[in-house]
Structures are given as structure tokens and as C-alpha cells.
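Working notes, beginning with the structure itself.
The values are calculated or read from the model by the stated rules, or taken from the named source; none is laboratory data. Please read these numbers as outputs of a predicted model, since none were measured by experiment. As a convention, Cβ positions derive from the backbone with ideal geometry for all residues, glycine included, and neighbour counts pool all protein chains shown.
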Amino acid sequence: MRRARLLCAATGLAVLAPLLVLPAVAGETSPSPTPSLSVAAGCEGASDESPVRVEVTTLLPRAPSRGDQPFQIAGRLRNCGAEALDGLEVRLSTGRVIRSRGELQQAEDEPALGRRRLTRPAAATELAPGETTTFDLRLLVRDLQLTGGLGVYPLAVQARARYGGERSRTPLGLASTFVPWFPDGPPAPTRVAWLWPLVDQPRRAPAEVMLDDELAALVSPGDEDTPRGRLQELLLAAREGAKGSCDATATPPEGTPRESSAGCRGEPVPLTYGVDPALVYSVEAMVRDYTVLENGRRVDHDASPAAEQWLVGLRAAARESDVLALPFGDPDVVAMTRTGRGLSDEAEQLRKLGQAEVRDLLYEPDSDRSPLTSVAWPPPGPLTSAALDVLVGGQATAVVLDEDALAPVSTSRNRTPSARTELPSALGEVTGLVAEPVLSALVTPDPTGWQGPRLAEQRFIAETAMIAAELPSQSRTLLIAPPRDADVAQAGLAAAMIADTGRLPWLCPVALADVAAARERCAILPDDQGPAPAEERTAGEPSDDRTRELSPAFLERLAAVRLDADQFTEAVLVDGTDEATATRARLLRASGRAASTAWRDAPADGRRMLDLLEDDVRNLRNQIRLVSKPVLLTGESGTLQLLVQNELDQPVNVGVRLDETSAARLSSSATGVQVIPARNATQIPIRVEPRTSGRFVVRATLIDRNGDAFGDEVGLEVRSTQYGRVALAVTGVAAAVLLIAAGFRITRRALRRPADAA
């Protein structure tokens, strides 16, 4: 049990008392406890064993560099238990140096008090259930006794108190973190590039109506009653963090002069946004009045100020930072490019459409900026060679990958590899940029799993320090790319992590485009080693396990509807019209949404989107049809007047063809394809010659300009009152036979009469 482990760890005491004072946190005027309205509120992470939540709000400096620096750790203590506490105190401890990332993870999983400890009373020593008090510990860095050399040191703050009538104090809560330490000065800088996702699942139907109004909440700036939306937090964090920020100075112990912040480093961070154009397209539509599909009904909504604010912020970010445009809808290009599906060219079209939409939606017409085209970002997981070929088929020379796309790194190297590697493709060597998985995950922590966001940031700092300490004389380049559905929870936390890459002495920020081109270099820190060389890594083994992709059955349906849509847009609509161009773009956007990677984890939502696409294409095709009417033919030849009805708001090219089974009863000449105007019904004449009489049904169908059947066959009821040529020939022969037979009989009778007279 955790409390038992902490009690067993409490076996020594190092006195650091002369250099510590315990005033209240700045802004507090009294050490009195602060009552709370709810015991449960603010008690995330507390338990029966640890009823006191220890939240660290200040830990300065983030990266100590000298022994005579002031060091400050302060925060709040909250009694989340059911009993009052007495004699409340905090105990600060440091542990032995950590020398590997594996040890760092173990220390996080199993926090414990170190052997060097200091105990001091909290601001208020008595605390009723639900009440909160503060602590503020100030000392010098040398008094932490970080004597094990370079590395990362565990640091813990433990709450102890008496309760339930006990005479001795009991450990009741713990906040554990880490402090990096490079006693011989900072190591060779580790370069860090950022790829920041702005991606959401598609929420817009093929008919350009919203399927729900969740996007309005996702981009909301929040207010007193509602939190900021996920996409708003992401954009705010990125823009704020990219500005750069100096590290604040710690409040020194009493009697120690305060340090000056002059000369601090806080350089801007060249962050790259990974943007799904379908998201931007939907947000831009919400700037005006828009329609939402609610319970099968279309409901009008007023323009969203939150959407406009978010879009303005993104456009401002695009002026300052690179934007990597994903293929429209963020389609599952791996699944789409599987052999035999026939969707590879559509994946390429969606890539081009995505770049065009981002260019139109985020940049001014006269701007010299445009989306980043040298880098592609495929969906997570294994990457097939076919998908790689599509992604780099344009201008891309590099692809961002996650660890699952590559073979595991050998553990014998005992170091973190640089981001860059080389991959083979049909177009030659392609640069792979592998996102560092642990750092990318640490950017989006669960705040309830930590003793406050400040320690979540410190965990990120410790991980970067541990990487730098692996090879302190060698520069490397890392890529941080949070997952597409990243939720930073608190913009300030993520912004601090981004800013850390521009202020920590062992890190420097670089642009993703520079890493892709192997020209990255620190802007301020000394950096004379040149770009990090490519690591020798191989692609992961091809796998038949496609559970992480869109299902084969789903893709079969997608391929079928794509064929119907292509015939409609490429062989039926009239080329060159604005309406045809708009329809092609709309259906391509809808196809990208239906093929979205988001449906890997939400297959039911994906099927709904695909159902809507199928319905939309079917509805478009059904607006062009043959109208069946009975036909009467009274001569040896005649004309069938077939009515073609076009209910679309644009012209189409179609013709009519009779099926082969009708040839036995009716011969016809082919009809040419002709233009049927918008919202018009046109008679198409077919010259025919009946081969039989009576009533019969002729099957007819529309054809496109390629001569392929379009739509369903229609039965035409025909009544012919004339014999066909065969029937007339038979009748003529029969009449001739009768005439000849009659002639023979007349002749024989004539010859017989003279004989009888004789």
C-alpha cells in the first residue's frame, strides 16, 4: 500500500532548516484555512489512504544551473478526507540521481521519499474537511544536495498530520516530481521541432449541413459557466507557447538577494500546425448562418461568433507559422491504397484538394505564404509502400511517422534516436521524421493524474533532460507531434511546454521544414555540429492485421459510390460549367469525410457518413431519368419519342439506347448524346422499324457520353399495327404458293374438259 511504502521510506532526516522560510504564497494576507463549499471539488487524485491533495503551483527555476541559485517550491494542501487534521506539515526530499529514461519512468510509477529531507509546518497547521491551506519552501539549489552528477533527481513534497486522535503524524499525501541538474554546464543542445494538430472528426454532411453542433463547443472561448473547447485550447496554447517566454526567478530565502532576470533566454518557437482542411471548411461555414441536422430535421442556426474568433486566430497563426495541410477529411490513405480497391487516385485528389482549401481559407489572395508541401503526415500506425507513394507523389520529400510505422529500436543503443531516417519509395529515398512517442504523449497529460499542471510540465522537462544526458556531447534532433485528437485540457500547461523548448539550456526550437530538409540549426544556442544524421531504421513488417484501418467492407462501399459519383461528374455533367465544378468539389469533399481516419475508432459514425454520401449520390443520379409512356407504331417504320427529364439545376449530357433483347421485335438506330438543359424535359427521337406486330415491351436506358449505361432501365410499352418485314415476306410467299396451286388446278380442269368431250 502506498501509505505503508511511504512510512517505511521515512528513515532519516537531513536538516536544511537555516535556509528555509514558510511565508504564505504571494497574494495571501493570512495563513488561515480557506473553507470550501464542496469536499469533492479539487480533490482529484485523493484517496482514503492519501486524503490530503498536495498541489505544487510553483517550482523555480525549472532547470537549476548553479548551486547559489534560489530554489522555490510552493503550492496548496487540501483536506479531502472526512476528519480534521492537526499539526499539518510538509516534508521536502530529494532522491538519488536517475541516469536513464527507464529509471525515470519507474520513479514516476513508484514515487518515494528520498533520503535527504526537510520538514516544515504548513501555513495553517489545522485543517478541517474541505479546507485548503498553502506552503512555500525557499532555499538554495546547493541545499538540495544534488551530488550524484548530471541527470535527473526525484523531488517530493509530502503532507503529514495528526488525525483521529493519533498522537504521531501520519503521511497523508504526496506530490512527486523531478529536478534536472547539469553541474558542468548545459550539454550539446537537443533540437526540437513541433507539429501541432488541429484536427477533428468530420461533422459536415455531403449536402453541406452540419450533422451536429459539437463544433461550436469545440471552438468556444468559454466563459464563467462553460470551459474552453478542445480546439480553442489547442490553438491558444500553440499561439501563446510559440511566442516564447523567459523562466521566472524564484523568491530567495530570507536574507538572500533576489536574482535579476536580465539576459534570460526565451526565444520564439517555430511551430508547424497540422490542419485538416475539412475542419477549417466547416468552421468557415459557421461564420455565416448555418444549418444543423437535428433528429432528421434541418434546423437553422445563427452565425457563430466563436467560430469567427477561432478562424481569425488560426489565420493569424498561419501568418506567423507554417501550416501543413492534411488531405481533405484526413482520409485513411493506408486503407484506401490497398491493392484492388481503386481508391489510390482519390487519395491523391484529396491531398491536392486539402492544399487548395487551406490556401483559399487561411491566406490572403496576395499573400506570399502557402501551405507547407514538403512534408506529409499520414495516419498513425504502419505505413504501406503504396500509401507512401501517394503521399510523396506531389512535392513532399518527407513524411511524419509514429513509432508503430517502424521496426523497434534496438535497446542495445541505450539512447534516444534522432527523428530523421530514410525510407525507400517508388520515387526514391524519402525522409522519415519519427515523432518522439513519450514527449508527444506528455504534452497532453491527464490533469487529474498529477498534483497540478505545474508538475505535469516538470515531468516533460525531466524527460527532455534525461534525453540530453544520454549523450551530453552530441546534438540530436527530436520531433514532438501530439496525436490528432489531442486534448491539452489546459492551454497554459501546453503553452509552457512549447515555450520550454526555447528557454531550457539544453533545448533549442527548430522548424519542421528545416528538419525535413536536413538544415536545422539552433538560432541562439551554440550549435556547431550540423544537422543530426539520419538514423538507420527500417519500416515495420507488413501486417495483415487491418483492425487499425477502415474495414474492407466499408471500403468496398466507398469504392462503389465513388464509381457512381465519378460517372455522374465526369461523363454526365457538362464540362466547364461553374455548377459542374462545384458539384465535383462537393462530392470529393464528401468522399474525403467518408474515408476519414477518425472512423477507425468510431465505425458507427463512419457508416452514417457513408450512408449520407450514398444517399446524396443516388439522389443526384435519380434527378436524371427516362419517363415511360405507351408508344403506338402504325407503319413500317416510326419514331419513338422518349422523354428525358433533368431536374438538376445544371445541364447534363445523355443519350438513349434500347437493350439487345428488343432487337428481335424492333430495330433501331443509335441516338447521339445531347445536352439536356437544367430543369428541363426533352424529347429524344429514336427511329425504329417494327419486326412484329402486337403489344410488347422494349427496354431502354440512358447512356453517358462514353456510351455506358446510366441509371436503371425503363420499360416502354409498344403496340404495332403493321407486320414486320419477315411477316410480309412469309405472307407474300404463302400468297404466291396459293396462286401457283390455284393455277395448276385451273389448268388441270381446262385440260380435263376436252378429254371428257371426246
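Do you know which residues across segment 381-405 are aliphatic (A, V, I, L, M), in contact with a helix residue (DSSP H, G or I) (Cβ under 7 Å, 6 or more places away or on another chain) and assigned to a helix (DSSP H, G or I)?
Within segment 381-405, A386, A387, V390, L391 meet the criteria.
To keep it simple, each residue is scored yes or no on (1) more than 29 Å from L60 (Cβ to Cβ); (2) surrounded by fewer than 19 Cβ atoms within 10 Å (Cβ to Cβ); (3) not aliphatic (A, V, I, L, M).
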residue: L433; (1), (2), (3): yes, no, no
residue: P453; (1), (2), (3): no, no, yes
residue: F460; (1), (2), (3): no, no, yes
residue: S475; (1), (2), (3): no, no, yes
residue: A517; (1), (2), (3): yes, yes, no
residue: A523; (1), (2), (3): no, yes, no
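Among the residues of segment 50-79, write down those that are assigned to a loop (DSSP other than H, G, I, E, B) and under 17 Å from L127 (Cα atoms).
Matches in segment 50-79: S50, P51.
Given S667, S637, which one is in contact with an Asp or Glu (Cβ under 9 Å, 6 or more places away or on another chain), modelled with pLDDT under 70 and either closer than 27 Å to D575 by Cβ or exposed (fewer than 15 other Cβ atoms within 10 Å of the Cβ) (or both)?
It is S637.
What number of residues in segment 369-378 are surrounded by 24 or more Cβ atoms within 10 Å (Cβ to Cβ) and either assigned to a loop (DSSP other than H, G, I, E, B) or among the hydroxyl-bearing types (S, T, Y) (or both)?
Of the residues in that region, 2 qualify.
Out of all the residues in segment 455-476, is one or more assigned to a loop (DSSP other than H, G, I, E, B) and closer than 30 Å to E44 by Cβ?
There is no residue in segment 455-476 that is assigned to a loop (DSSP other than H, G, I, E, B) and closer than 30 Å to E44 by Cβ.
Among the residues of segment 80-96, are any part of a strand (DSSP E or B), outside the structural domain of W506 (by TED's automatic domain parsing), under 39 Å from the mean Cα position of the chain (by Cα) and of a type outside the set (S, T, Y)?
Checking segment 80-96: not a single residue is part of a strand (DSSP E or B), outside the structural domain of W506 (by TED's automatic domain parsing), under 39 Å from the mean Cα position of the chain (by Cα) and of a type outside the set (S, T, Y).
Just the residues that are touching a residue at least 60 places away in the same chain (Cβ under 8 Å) and either in contact with an Asp or Glu (Cβ under 7 Å, 6 or more places away or on another chain) or within 19 Å of P61 (Cβ to Cβ) (or both), please, taken from segment 152-168.
The answer is V152, P154, L155, A156, V157, R160, A161, R162, Y163, G164.
Count, please, the residues in segment 560-585 that happen to be surrounded by fewer than 16 Cβ atoms within 10 Å (Cβ to Cβ) and either within 27 Å of the chain's Cα centre (by Cα) or in a helix (DSSP H, G or I) (or both).
8
Would you please name the residue that is nearest to E308 (Cα to Cα), looking only at residues in segment 225-270 that are of a type in the set (S, T, N, Q) and in contact with a Lys or Arg (Cβ under 9 Å, 6 or more places away or on another chain)?
S245
For S304, indicate whether it is in contact (Cβ under 8 Å) with a residue 40 or more places away in the chain and either closer than 20 Å to R548 by Cα or over 18 Å from the mean Cα position of the chain (by Cα) (or both).
Yes: the conditions hold for S304.
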